Amino acid sequence: MGEVKLRRQPHTGPFSTGLSLLPLLLVSFFLFAMPIVMLVWGAFRNASPGQAANWSFGAFTRAYSTAETWVDFRNSIVLSLSVTIIAVVIGVILAFLVARTTTPLRAIVTPMMGAVVVLPPLFYGISWGMLGQKDVGLLNTTFRSIFHLHSFVLFNANSWAGLIVVSALKGVAFSYILLIGPFGSMDRSLEEASQISGASRLTTLFRVDLMVLAPAIIGATILSIVVGFEFFDVPLILGTPARIKVFSTRIYDMIDQQTPADYGGAGALSMLLVVIVIILVLVQWRILGKRSFTTVTGKTHRTDPWNIGKWRYAGTALIVVYVLLAVILPMFQLLLGSLQSFFGSKGPLSFINYHRLFANADAVQALLNTLLTAVIGGFIAMVVAVLVTYAVARSQSGWRKALDLMGWLPFAVPGIILALAIAWEYISIPGLKNLYGTVWIVMLALVVTAAPMAMRAVQPAIGQLARDLEESARVSGASGMRMMGTVVLPLIAPSFLSGWFLVAILLSGNLTIPILLSTPTSQTVPLLVYNLYTQGQVTQASALFVIELLLLGIGLVLARVIAAVTTRVMKRRSVQQQAKLMAIDTADSQNTEPVAKTAIVQSS
């Protein structure tokens, strides 16, 4: 008998065709693309959302004809480029020290960077606004008391220097996370070949390491510039008292700080920023998409670290200074401020601010709203991310590219602009207007902002799934959705849970969405912290933030425990399934019926 070749069946999952993909396309369009459409539509109207209006270019004339607009735009460029230069340079140095050298304390860098990435930007704005306060800030008062300089100001957070330095502290962690992987995987033999040729270690660093990793560094630089254009929390808190405005804070002022609110003008300004950010993202994708360098080779591939001699102590000093400025000092200042009766008080410490908060109905409601939006919103974001990522990976329809693009669209839209866009959408569409001002619109908007991060969390797990597992379930008679529930979701459960907690943490610290979409009854902790801080109740703002950080810490511990338990359960289940498959394979090997053999091959 001749050999019979069995052709692999095409994927028959729940999103295999364009028609089955249609509901997910519509939901994605409503969540991710419709707000941007409404933002553009609103910019050409001469009235606020929900009101009758005519088409007009008046918003563009008002927005772009004033000198303040271009001053603020210049400020955004200066801030973004300055922070990018500092963040990328320090990120490259720290990634090199951790991945390529024997520098002491290098083991603490990656965990600290993870903590800095998770900490909300509002944390740095509030803590450094207190640390760098000219009169009673901890840095200045301590320095004056040590050196007996009564009027000397060591660091003024409400200045250009403060704005750049504080923003760069978080930017360094972002650059480091992007660069540590490429640095760690580079072949050590490339450096040895350079040194054998007579090059010094410093020359090798610049002519070999940085040249090989240039595409990754350029990609990190462009992404840092993108993030720089989206800065809002730190410029709002530290820049406003110094009368330093950037594009994002100007957009916020046009809506919240003037009467009547100029939604059209804000939309007109937003369009410029969206176009710039999208262009930068596309340039970054194009650069990374054309990488043709090799950092991992064959049998000679080596990643053992350098002994950089005395320079390792300078590296350790850099690590200590960064951890001190980015984590220890801000945390200490918040904790100290929360225990003071008033900011700068030298009297006894107490828990009076915590008692006042728990007796404050607004604070309790803000904590409940934050918990609701973080937990439920994080779960919804992960469900949407799983569906979109799986559909993009498995669908045979050409529409999957549009679905992928819509899912990543919120990444290219600054948070304050996305909040404005969602406001236009929900106020303008009949039936959705009643959601405006409630905690539900805040949660939906946060889901949209978190979607790209949620997709990054589940994309590797879904990409590692073998199609054979899904096809076996389909051959056995399972429907597409049942296959998702019994095969796909259990296998990606650890990534799903880890991503859920990560997204929940990010949502709980978001200020840009609630500051435009919340009312006094629907405000979250970040918004209440900002309001308390700007109203002079600095110690209560510190106490409320300490409570949120404590809850975030508890959430991280729970995430680790649940992920570990889930991973152990999944491994045990995998062993049991493999044992069953071996038993079935043994029994089927004795079955000579062609139909049975065909079914076995198809299911495997």
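The values are calculated or read from the model by the stated rules, or taken from the named source; none is laboratory data. Remember, it's a predicted structure, so these values are computed and weren't measured experimentally. Every residue, glycine as well, gets a Cβ built from its backbone with ideal geometry; the counts of neighbours run over all protein chains shown. Quick note on the areas: whole protein, heavy atoms, side chains included, nothing else; ligands and nucleic acids left out. Shrake-Rupley method; radii C 1.70, N 1.55, O 1.52, S 1.80 Å.
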Exercise for review: Residue by residue through region 552-569, note down the ones that are within 19 Å of the chain's Cα centre (by Cα) and among the hydrophobic types (A, V, I, L, M, F, W, C).
Suggested key: LEU552, LEU556, ALA559
Check your understanding: Restricting attention to region 122-134, does a residue exist that is crowded, with 23+ Cβ neighbours inside 10 Å, of a type in the set (Gly, Ala, Ser), within 20 Å of the chain's Cα centre (by Cα) and assigned by TED's automatic domain parsing to the domain that holds ALA317?
Key -> yes
Review point. If you check every pair at least six apart or on different chains, which have Cβ atoms under 6 Å apart with a residue in region 433-457 that is open to solvent by 30 Å² or more (accessible area, probe 1.4 Å) first and a residue that is not in a helix (DSSP H, G or I) second?
Key: THR438/SER522
Review point. For residues in region 229-241 being part of a loop (DSSP other than H, G, I, E, B) and touching a Gly at 6+ places or on another chain (Cβ under 7 Å), which is least open to solvent (accessible area, probe 1.4 Å)?
Key: PHE232
Exercise for review: Tell me, please, whether a residue that is at pLDDT 70 or above, closer than 18 Å to GLU425 by Cβ and not assigned by TED's automatic domain parsing to the domain that holds PRO452 can be found in region 61-68.
Suggested key: no
Practice item. Filter region 535-585 down to the residues that are among the small types (Gly, Ala, Ser), out of contact with any Leu (no Cβ under 8 Å at 6 or more places or on another chain) and farther than 19 Å from VAL488 by Cβ, then identify the one that is modelled with the highest pLDDT. Key: GLY536
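Just the residues that are under 16 Å from ASN75 (Cα atoms), β-branched (Val, Ile, Thr) and assigned to a loop (DSSP other than H, G, I, E, B), please, taken from region 242-271.
So the first thing to find is which residues in region 242-271 are under 16 Å from ASN75 (Cα atoms), and the list is 242-253, 269-270.
If we keep only those that are β-branched (Val, Ile, Thr) too, we end up with 244, 246, 249, 251.
Of everything in region 242-271, those that are under 16 Å from ASN75 (Cα atoms), β-branched (Val, Ile, Thr) and assigned to a loop (DSSP other than H, G, I, E, B) turn out to be ILE244, VAL246.
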Exercise for review: Kindly indicate the residue of region 359-408 that is out of contact with any helix residue (DSSP H, G or I) (no Cβ under 7 Å at 6 or more places or on another chain), assigned to a helix (DSSP H, G or I) and open to solvent by 70 Å² or more (accessible area, probe 1.4 Å) and also farthest from THR539 (Cα to Cα) among those meeting that condition.
Suggested key: LYS401
